[in-house]
Amino acid sequence: MGIFAMDGKFARVMNTLGSLFVLNILTLLCCIPVITAGAAMTALYTMTLRMVRKEEGKIIREYFEAFRKNFRQATILWGIFGGLILFMSFDIWLLQRISGGFGQAYRILLFLLILAFAMELIHIFAVLARFDNTTKRTAYNALLFIAGHFPAAVLMLALTISPLLLLSVSYRFIPVLFLLGLSGPAYLAGIYFQSIFRRYEGKGEPADDSSLQA
């Protein structure tokens with residue numbers, strides 16, 4: 001036996017890294033049209049949550065099954081919150097030309113709102129990946145999870161955007177983004193999300209609306 005056995009720790013780690021690499025490539029490709037980014041990220045969270053629960057099977061097939069299943073809801077929610085983030089980012093760019101305390105305060109406010117909407121999107125992807133609800137209820141339940149676990153929600157935001165922060169420091173981190181930039185943070189976030197989702201699940205079944213609001 002030992003760590004190098006087929007069922008040893010080394011093999012399990014390498015299998016996990018291999019799956020995350022495949023998921024990262026799939027998600028990057030599916031995010032290229034931009035409008036499909038919401039469905040791509042939801043499918044990624046679907047697969048990383050399954051990996052955390054040791055339920056993953058055929059990675060590529062199951063990824064695209066999750067992509068198709070959640071496409072409508074994920075695209076609507078991505079369009080709303082992603083659109084707001086884009087609009088506010090454009091406002092910040094315009095406000096750079098305005099000097100003085102008001103312009104600076106308004107830019108800070110917009111930046112905080114962008115972070116808040118990004119945090120909401122991360123939780124939307126995870127909630128949509130695990131639970132079957134209406135589009136409105138999915139957004140609402142994501143907000144409830146943020147309110148109930150705010151410090152952890154901030155940590156999940158920092159974890160998710162960390163590859164972009166590395167990229168802003170140096171373009172030498174591009175290989176990191178290519179290999180595990182999306183799937184790595186999603187897998188670590190999946191460990192956290194599974195720990196809190198378990199409280200709202202039945203015996204292996206997704207929680208309904210009432211249990212999520214309890």
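The values are calculated or read from the model by the stated rules, or taken from the named source; none is laboratory data. What you are looking at is a predicted structure, and each value in this text was computed from that prediction instead of being measured. A quick note on method: Cβ atoms are made from the backbone with ideal geometry, for glycine too, and the neighbour counts reach across all protein chains shown.
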Being in a loop (DSSP other than H, G, I, E, B) and loosely packed, with under 15 Cβ neighbours inside 10 Å, is that true of even one residue in region 35-53?
-> yes
Subset of region 189-212 that is in a loop (DSSP other than H, G, I, E, B) and surrounded by 12 or more Cβ atoms within 10 Å (Cβ to Cβ) - its residue that is modelled with the highest pLDDT = E201
Inside region 35-62, can you point out the residues that are closer than 10 Å to S19 by Cα and of a type in the set (S, T, Y)?
-> T48
From the option list I161, I124, single residue qualifying as surrounded by fewer than 22 Cβ atoms within 10 Å (Cβ to Cβ), of a type in the set (V, I, T) and closer than 24 Å to L28 by Cα is I161
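Please give the helices (runs of 4 or more DSSP H) falling wholly within region 67-150 in which 2 or more residues are more than 22 Å from E201 (Cβ to Cβ) and of a type in the set (S, T, N, Q). It would help to see each step written out before you state the result.
Working: elements: 71-95, 101-130, 135-148.
Passing ranges, in order: 71-95.
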Qualifying residue in region 73-81 (condition: surrounded by fewer than 17 Cβ atoms within 10 Å (Cβ to Cβ) and in contact with a Lys or Arg (Cβ under 6 Å, 6 or more places away or on another chain)) | no
